[in-house]
Amino acid sequence: MDKKLSNLKKEIECFQAYTYDDIESFRIKFLGKKQGVLTILFKELKKYPIQERKIYGKKINEIKRKIQKKINMHSFKKLIKNDNFIHFDPTIPGKSIEIGSLHPISILKNRITNLFKKIGFSYVEGPEIEDDWHNFTALNIPIDHPSRDMQDTFFLYKNPDILLRTHTSSVQIRYMKKHSPPFRVFSIGKVYRNETISSRSYFMFHQMEAFYIDKKVSFSDLKQTIHYLIISLFGISRKIRFRPSYFPFTEPSAEVDISENRNIGWLEIMGCGMIDPKVLENVEIDPDIYSGFAFGIGIERLALLIYKIDDIRIYFENDTRFLKQFKSDLL
Ligand code: PHE
């Protein structure tokens, strides 16, 4: 009996139905009222002594449940009208899974990273959630200084000492506190400003910060580095201009504009300057020995010029019709 039952079990487990007929004959073979294998087994049971009858009865019932389960599993095939499971056409090509591509901002980030690694800058990162000291105070922006209004900040309601960084200049502070010069460093990451959303501004964008500190670093080093970046990205056809400006953490400071392709005018792309001696003092670097430059550049602004997309919002909508267009750009 044992052998019989285990063979039976195997047969049931292996059963596969392809048509409704298959299921029906399976059902009749095993559960048919007169000749069904299980029906006969149940009848045979009566010959066994009570003890064994109990054991085998249990086992046979178990098999019966398995059969029932198989029938239920396959019963959806009843829906196939003409008993023909060959509705499936194996020659139809499958749906291909689309391969994603890099986001245009990532493409640009990688390009800039390669360019700056080539000229000896190392890449570092800082946190997007900052404290007041790193984002403002250490950068010579005191509590009541009007320049804090320049950047409408997302502060944490419960603890206004914590905020979403408004610029990547906070990375300068974090790095300079930990390392002693000379160094050439850059960072690329998200920054947040509480701005009204429009085609040219968003509450978040990407910024690249580069800074270089050594003995005798001068403004011409700064100009040279910015020229290198712009020429590498755009070729020599674009003009750039340095416009005197003000930042509390650089002195002198300038804003850099790039000529737009269609001669519409100038587009501001970055702020820069020589790091203010006070900032160096804040991070315990002697300004009598060291000097340095820093600049911060908006990646979306660059992308706008490279890809000629003049609505910043489209970068963050995750519309695959837009993102797909960058597939071929391998950089
Ligand atoms: N942090 C400035 C901004 O976000 C840009 C900047 C960086 C200016 C470094 C000077 C030096 O507007």
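Mind telling me which of the residues Arg243, Arg238 ends up being of a type in the set (Lys, Arg) and either open to solvent by less than 60 Å² (accessible area, probe 1.4 Å) or in contact with a helix residue (DSSP H, G or I) (Cβ under 7 Å, 6 or more places away or on another chain) (or both)? Don't jump to the end; show me each part of the working.
Values: Arg243 fails: either open to solvent by less than 60 Å² (accessible area, probe 1.4 Å) or in contact with a helix residue (DSSP H, G or I) (Cβ under 7 Å, 6 or more places away or on another chain) (or both).
Just one listed residue meets the conditions, Arg238.
Being among the β-branched types (Val, Ile, Thr), farther than 22 Å from Asn135 by Cβ, open to solvent by less than 20 Å² (accessible area, probe 1.4 Å) and modelled with pLDDT of 95 or more: is that true of Ile275 here? Step through it out loud before you land on a result.
On the way: among the β-branched types (Val, Ile, Thr): yes; farther than 22 Å from Asn135 by Cβ: no; open to solvent by less than 20 Å² (accessible area, probe 1.4 Å): yes; modelled with pLDDT of 95 or more: yes.
Considered against the rule, which asks whether it is among the β-branched types (Val, Ile, Thr), farther than 22 Å from Asn135 by Cβ, open to solvent by less than 20 Å² (accessible area, probe 1.4 Å) and modelled with pLDDT of 95 or more, Ile275 comes out as no.
Cβ-Cβ distance below 6 Å, separation of 6 or more or different chains: which pairs start in region 100-126 with a residue that is farther than 25 Å from Met176 by Cα and end on one that is open to solvent by 20 Å² or more (accessible area, probe 1.4 Å) and modelled with pLDDT of 95 or more?
Close Cβ pairs (under 6 Å, with a partner that is open to solvent by 20 Å² or more (accessible area, probe 1.4 Å) and modelled with pLDDT of 95 or more) amount to Ile105/His206.
So, in region 1-33, of the ones that are closer than 20 Å to Gly57 by Cβ and part of a loop (DSSP other than H, G, I, E, B), which residue ends up least open to solvent (accessible area, probe 1.4 Å)?
Top of the filtered list is Gly32.
Does region 173-186 contain at least one residue that is within 11 Å of the ligand (Cβ to nearest atom), free of Cβ contacts under 8 Å to residues at least 60 places away in the same chain and either crowded, with 21+ Cβ neighbours inside 10 Å or in the same structural domain as Ile285 (by TED's automatic domain parsing) (or both)?
Checked against the condition, which is being within 11 Å of the ligand (Cβ to nearest atom), free of Cβ contacts under 8 Å to residues at least 60 places away in the same chain and either crowded, with 21+ Cβ neighbours inside 10 Å or in the same structural domain as Ile285 (by TED's automatic domain parsing) (or both), region 173-186 yields no hits at all.
Does Glu128 count as at pLDDT 95 or above and open to solvent by 60 Å² or more (accessible area, probe 1.4 Å)? Lay out the reasoning, then the answer.
Working: at pLDDT 95 or above: yes; open to solvent by 60 Å² or more (accessible area, probe 1.4 Å): yes.
Yes: the conditions hold for Glu128.
Yes/no matrix, rows are residues, columns are (1) touching a Ser or Thr at 6+ places or on another chain (Cβ under 9 Å); (2) modelled with pLDDT under 95; (3) away from the ligand (no atom under 12 Å from the Cβ):
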{"site": "Ile188", "(1), (2), (3)": "yes, no, yes"}
{"site": "Val191", "(1), (2), (3)": "yes, no, no"}
{"site": "Ile231", "(1), (2), (3)": "no, yes, yes"}
{"site": "Leu267", "(1), (2), (3)": "yes, yes, yes"}
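Please give the number of the condition Pro160 fails out of (1) within 24 Å of Asp276 (Cα to Cα); (2) open to solvent by 20 Å² or more (accessible area, probe 1.4 Å).
Pro160 satisfies every listed condition except (1).
Somewhere in region 193-205, is a residue within 12 Å of the ligand (Cβ to nearest atom) and crowded, with 18+ Cβ neighbours inside 10 Å?
Here is the first cut: in region 193-205, the ones within 12 Å of the ligand (Cβ to nearest atom) are 193, 205.
From what is left, the residues that are crowded, with 18+ Cβ neighbours inside 10 Å are 193, 205.
Yes, the conditions are met somewhere in region 193-205.
The values are calculated or read from the model by the stated rules, or taken from the named source; none is laboratory data. Computed from a prediction, not measured in an experiment: that's the story for all the values here. Ideal geometry is used to build each Cβ from the backbone, glycine not excepted, and the neighbour counts take in all protein chains shown. These accessible areas exclude ligands, DNA and RNA; they are computed on the full protein's heavy atoms, side chains included. Shrake-Rupley method; radii C 1.70, N 1.55, O 1.52, S 1.80 Å.
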